[in-house]
Amino acid sequence: MVKVMAGLAPEGSQFDAKQYDTKMSELLSNEGQEFFTHTMRFEKPSAIQQRGIVPFCKGLDVIQQAQSGTGKTATFCSGILQQLDYGLVQCQALVLAPTRELAQQIEKVMRALGDYLGVKVHACSLRPDYIRMFVLDEADEMLSRGFKDQIYDIFQLLPAKVQIGVFSATMPPEALEITRKFMNKPVRILVKRDELTLEGIKQFYVNVEKEEWKLETLCDLYETLAITQSVIFVNTRRKVDWLTDKMRSRDHTVSATHGDMDQNTRDIIMREFRSGSSRVLITTDLLARGIDVQQVSLVINYDLPTQPENYLHRIGRGGRFGRKGVAINFVTRDDERMLFDIQKFYNVVIEELPSNVADLL
């Protein structure tokens with residue numbers, strides 16, 4: 001068992017993985033490549049994993065920001081599993097996520113890592129007495145969209161000396177301010193905003209001019225969509241249903257999911273999408289962060305997001321963990337300002353879609 005030494009190292013420190021548990025050293029060494037390739041389907045540990053796993057394993061509070069699809073989940077799952085007291089059957093770690101779909105993704109990663117490390121993941125009763133680790137995944141969503149009061153309530157129930165991890169692709173100032181209330185000299189692994197956009201994701205726009213012309217444009221692209229697995233984002237649940245009906249009425253096969261659907265239906269739809277039996281998924285921002293499907297290589301923003309921060313979460317559904325991907329943005333005249341804001345926010349240039357888009361996938 002790795003000893004917990006939270007607060008002993010200066011804020012922002014980096015650590016040498018070789019000083020710690022043999023299994024974790026293997027995980028971050030060349031010999032560990034087989035684990036990442038076969039168990040997690042990663043090519044190798046990401047830079048964010050190599051920087052973040054060991055501080056968390058030392059028991060330090062950690063604030064970690066990285067792009068979608070770079071392995072943040074494996075970082076905190078590894079840290080949690082490393083520090084468990086296997087002599088205790090009680091719950092020792094609590095991970096909160098904004099959606100059930102994301103929680104299910106975390107469970108899958110925890111089970112895969114647990115198999116490698118010889119740990120069994122199973123259900124247990126939730127009592128706070130033995131909880132030593134508390135993780136907020138997608139912290140900006142958890143803290144800024146209605147969950148702040150619930151998180152405060154949870155903190156009141158946890159033991160005083162609990163290790164805290166905050167993980168997210170974006171970290172706005174208000175989220176950082178809230179974490180300061182709870183965290184003890186956290187190690188900060190943050191990314192500059194202009195370094196946030198995803199390498200390997202080619203980003204384009206289509207000038208559709210008018211809202212009513214978007215549907216024809218999408219239908220024109222359908223053959224390209226069906227080549228690979230694709231995710232189409234719109235801004236409302238009602239529009240998910242509307243667009244799904246329109247596409248199906250034109251004999252285009254699509255699936256759809258949003259927060260108004262019952263959980264069993266959402267689970268079935270996501271299971272079909274992950275298996276590849278469904279290839280085109282229409283959804284909203286709410287569920288964007290729970291879509292972790294390695295085969296997705298095309299994302300279409302039928303509607304541009306209402307906030308630049310959500311753009312990163314959307315396009316991060318394609319090109320997971322360094323794989324090649326394409327993002328296409330439908331832009332009306334009313335959207336031109338938002339497209340400009342997105343480019344400025346991430347310091348990127350989004351070019352007009354070329355005619356050979358299928359060759360880019």
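The values are calculated or read from the model by the stated rules, or taken from the named source; none is laboratory data. Quantities reported herein were computed from a predicted structural model and do not represent experimental measurements. All Cβ positions, glycine included, derive from the backbone under ideal geometry; neighbour counts span all protein chains shown.
Would you check if there is a residue in the range 117-133 being modelled with pLDDT under 80, part of a helix (DSSP H, G or I), exposed (fewer than 14 other Cβ atoms within 10 Å of the Cβ) and not assigned by TED's automatic domain parsing to the domain that holds residue 308?
Looking through the range 117-133, none of the residues is modelled with pLDDT under 80, part of a helix (DSSP H, G or I), exposed (fewer than 14 other Cβ atoms within 10 Å of the Cβ) and not assigned by TED's automatic domain parsing to the domain that holds residue 308.
Given the residues 37, 70, which is the only one that is hydroxyl-bearing (Ser, Thr, Tyr), surrounded by fewer than 21 Cβ atoms within 10 Å (Cβ to Cβ) and modelled with pLDDT under 80?
37
Being under 17 Å from residue 64 (Cβ atoms) and either without any contact (Cβ under 8 Å) to a residue 40 or more places away in the chain or surrounded by fewer than 18 Cβ atoms within 10 Å (Cβ to Cβ) (or both) is the filter here, so list the residues in the range 82-109 that pass it.
If the condition is that a residue be under 17 Å from residue 64 (Cβ atoms) and either without any contact (Cβ under 8 Å) to a residue 40 or more places away in the chain or surrounded by fewer than 18 Cβ atoms within 10 Å (Cβ to Cβ) (or both), then 106 is the only one that fits.
Could you list, in sequence order, all residues of the range 222-278 that are touching a His at 6+ places or on another chain (Cβ under 7 Å) and either buried (at least 21 other Cβ atoms within 10 Å of the Cβ) or free of Cβ contacts under 8 Å to residues at least 24 places away in the same chain (or both)?
240
Take residue 86 and decide whether it is out of contact with any helix residue (DSSP H, G or I) (no Cβ under 6 Å at 6 or more places or on another chain) and of a type in the set (Ser, Thr, Tyr).
yes
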